[in-house]
1. Roughly how big is the chain's charge dipole about its Cα centre, with Cβ charges of +1 (Lys, Arg) and -1 (Asp, Glu), in debye to the nearest 20?
2. Say each of K93 and L51 gets a label point 7 Å from the Cα, pointing the same way as Cα to Cβ; how far apart are those two points in nm?
3. Given the C-alpha centroids of the range 174-212 and the range 95-134, what is the distance between them in whole angstrom?
4. Antiparallel as a % of all DSSP beta bridges within the chain, to the nearest 5?
5. Starting from the Cα of R194, step 7 Å toward the Cβ, then list every residue of the range 119-148 with an amide N under 11 Å from that point.
6. Given the chain, what whole percent of its Cα pairs are spread farther than 30 Å?
7. Return the single residue from G50, G81, G94 with maximal mean-square fluctuation; model: Gaussian network over the chain, springs between Cα atoms under 10 Å.
8. Straight-line reach from K146: which lysines have Cα under 29 Å away, leaving out those fewer than 8 places along the same chain?
Amino acid sequence: MPKLRVDSFTISLDGYAVGPNQRLDAPFGDGTEGLHDWMFATRTARAGQGLDGGEDGLDDERVARHGEGAGATIMGRNMFGPFRGPWEDESWKGWWGDNPPYHNDVFVLTHHERPTFHLEGGNVFHFVDATPGAVLKEAFAAAGGKDVLLAGGAATIRQFLRAGLVDELNLVIAPILVGGGERLFEDLDDALQRYEVTEMISSKTVTHVRLARRADPAPDA
C-alpha cells in the first residue's frame with residue numbers, strides 16, 4: 001500500500017522547524033543558522049549544486065534517498081513562499097528556481113487558490129483549498145500507486161498528524177537551540193500515540209529518527 005510519509009524534515013533540539021519572523025531573506029526565520037548545514041554539506045547536495053566534494057556516510061545516504069519512491073508531494077502555503085493572504089500577483093514560483101527538486105505533482109494547501117503551473121523536470125504545482133483527507137486523495141491519484149511525500153512545513157504536518165493520515169515520519173534533529181517560532185510537535189492532543197520510534201541513529205552532525213504508525217491490534221479470534 002502506498003504511504004504518506006515525511007522525509008528528512010529537520011527540527012532543532014528544542015523542537016522548532018522554523019524560527020520567528022519568516023520572510024523573503026530568511027526562509028526559516030531568525031535563530032535557525034546551522035539548522036540545515038548537515039544536508040548542504042553532503043556529497044549529494046553539493047553535486048546537485050554543481051559542486052565537487054562533500055561528506056559521505058549516513059547523512060549523505062539520507063539525502064540521496066529523500067523522496068525516493070514518491071509520486072506526488074503535499075506542502076503548505078508557508079513552505080511554498082513567504083507571502084500571506086491573497087496573491088498580489090502570480091509571479092512567485094517557489095524558492096527552488098526553474099527546476100525544483102520534487103519532479104512530480106505538488107499540491108500546495110492554501111485558502112487562496114491560483115492556476116496550476118508547470119516547471120522543468122516534471123514539476124507541476126497545484127493550489128488547493130481542501131481538507132487534508134481530500135488533498136491526500138488527489139495526491140494519491142496523481143502518484144499512480146507510489147508514496148506521497150508530505151514536505152512541510154510544521155503546521156501542515158501537524159494537520160495531517162491530527163487527521164491520522166501520516167504513515168511514517170523521518171526526522172532529523174540538529175544540535176541547535178532556536179528558542180521560538182513554530183514547533184513540529186505542538187497542539188497534537190493524542191495524535192502521537194498512534195506512532196512509535198522505530199529508529200534513532202546519529203551521524204557526527206545530527207540524529208535521524210524514524211516514527212512509524214503502530215500496527216493495529218489483531219482482531220479477537
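1. With Lys and Arg at +1 and Asp and Glu at -1, about 240 debye.
2. With each label placed 7 Å out from Cα toward Cβ, I get 2.4 nm.
3. Centre-to-centre distance over Cα atoms comes out at 26 Å.
4. Beta bridges within the chain, antiparallel portion: roughly 45 percent.
5. 133
6. So the pairs more than 30 Å apart make up 21 percent of the total in the chain.
7. Among G50, G81, G94, the largest GNM mean-square fluctuation belongs to G50.
8. The qualifying lysines are K3, K93, K137.
Every number in this text was worked out from the coordinates using simple rules, so none of it is lab data. Please read these numbers as outputs of a predicted model, since none were measured by experiment. All Cβ positions, even for glycine, are placed from backbone atoms using ideal geometry, and neighbour counts span all protein chains on display.
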